[in-house]
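Notes to accompany the following structure.
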Amino acid sequence: MILVVDIGNTNTVFGIFRDGAKEPIFHKRTVTRRDRTSDEWGLFLRGFLREFEIASSSIKGGIYSSVVPTLNPILERMMHDWFEINPVQVHYQMKLPFKIKYARPFEIGADRLVNATAAIIDHPGKSIIIDLGTATTFCVVDDTPSYIGGVIAPGLKVSMDALTRNTAQLPPIVFQAPSKILGDSTVESIQAGFFYGWTGLLEGIIREIKSKYGSDYKVIGTGGLVTTIDAAHPGLFDRIEPLLTLRGLQILYEMNSEH
């Protein structure tokens with residue numbers, strides 16, 4: 001079995017895959033805390049392994065992607081001390097299933113490399129991969145296959161938090177599809193603004209990419225809020241892959257580990 005970890009600015013996701021499997025045995029999400037020690041992470045993960053009756057000794061390898069560099073050595077120490085493995089770190093110079101047509105490849109986030117990997121292997125062809133995370137990222141891959149560029153927009157949750165934090169009378173809300181465009185209350189009005197504002201942002205960027213690069217690009221959605229948007233706005237995405245990042249990590253481990 002292998003341990004895969006995606007360290008994001010807001011959340012960190014852990015998953016366990018059997019060797020060669022496409023779906024994780026389990027995956028868990030926790031808040032990314034910069035002050036969490038390697039032992040705290042180890043205890044957290046051991047607890048879930050016991051819940052699923054997985055022996056720590058059965059974990060034979062690991063890989064991680066991270067957009068929080070200060071946490072990298074802490075995660076590596078956890079994997080070494082608690083599972084006796086030296087993990088693979090995702091970076092643009094590793095073996096990838098695509099070429100990078102990008103002037104500054106070292107600036108591509110590890111999460112975007114992982115998402116592109118999963119899309120190219122599981123859904124070959126031209127793709128626009130949208131990840132609704134701390135930032136809203138668009139990655140575009142062609143059918144050569146190559147990573148040809150992307151778009152980064154503000155994240156939905158970050159924007160919602162900023163609105164309520166910087167206004168005196170607007171309450172925090174839960175993101176969900178409103179029953180109508182015009183709200184009868186402040187909460188309904190904010191929900192409508194964010195839902196239709198974000199679907200409009202997604203539609204606009206998708207339309208612009210397709211107008212410049214061709215209409216035959218399929219749109220793959222991932223990230224924490226993608227299922228909420230897809231349920232209320234079907235047709236925006238061609239495919240929904242909530243675990244795209246973990247799947248990409250599993251593929252890159254197979255490509256880059258010595259076994």
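Solvent exposure of the chain, expressed per residue, is 49 Å² of accessible area, with all protein chains present and a 1.4 angstrom probe. Note on region 126-259: antiparallel DSSP beta bridges, both residues inside, total approximately 60 percent of the bridges counted.
Taking Cα centre as origin and charging only the Cβ of basic (Lys, Arg, +1) and acidic (Asp, Glu, -1) residues, the dipole magnitude of region 167-233 rounds to 200 debye. With the biggest extent put first, the Cα atoms of region 2-89 measure 29, 24, 22 Å across the principal axes.
One compactness figure for region 20-167 is 1.19, namely its Cα radius of gyration divided by 2.2 N^0.38 Å.
Summary of packing: across the peptides 153-160, 16-23, the per-residue average of other C-beta atoms within 10 Å ranks them, highest first, as 153-160, 16-23. What the phi angles of region 129-139 give under the Karplus curve with 6.51, -1.76 and 1.60, with θ = phi - 60°, is a coupling list of 9, 10, 10, 8, x, 4, 10, 9, 10, 10, 10 Hz, glycine and proline written as x. Counting only DSSP beta bridges whose two residues both lie in the chain, roughly 60 percent are antiparallel.
In region 82-172, taking the dipole from charged Cβ atoms about the Cα centre, the farthest positive-side position among 132, 103, 147 is held by 103.
Close amide H contacts of residue 32 (hydrogens built in the peptide plane, cut-off under 5 Å, sequence separation of 5 or more or a different chain): 11, 12. Evaluated at q = 0.09, 0.16 Å⁻¹, the base-10 log of the normalised Debye intensity for region 106-230, with identical point scatterers placed on the Cα atoms, takes the values -0.30, -0.81. Here the chain is assigned +1 on the Cβ of each Lys and Arg and -1 on the Cβ of each Asp and Glu. Its dipole about the Cα centre then comes out at about 320 debye. Straight Cα distances below 25 angstrom link residue 22 to the lysines 60, 95, 99, 126, 218, with same-chain residues fewer than 8 positions distant left out. Once divided by 2.2 N^0.38 Å, the Cα radius of gyration of the chain becomes 1.05.
Near residue 26, the amide H atoms lying under 5 Å from its own belong to 16; only residues 5 or more places off or on other chains count, and H is placed 1.01 Å from N. Heavy-atom surface analysis with a 1.4 Å probe gives region 23-110 a carbon and sulfur content of 49 percent of its accessible area. Restricting attention to region 1-106, close to 60% of DSSP beta bridges with both partner residues there are antiparallel.
The values are calculated or read from the model by the stated rules, or taken from the named source; none is laboratory data. Keep in mind that what you see is a predicted model, and the values were worked out from it rather than measured. Every residue, glycine among them, receives a Cβ derived from its backbone with ideal geometry; neighbour counts consider all protein chains shown. When the accessible area is computed, the model is the full protein with side chains, heavy atoms only, and any ligands, DNA or RNA have been set aside. Shrake-Rupley method; radii C 1.70, N 1.55, O 1.52, S 1.80 Å.
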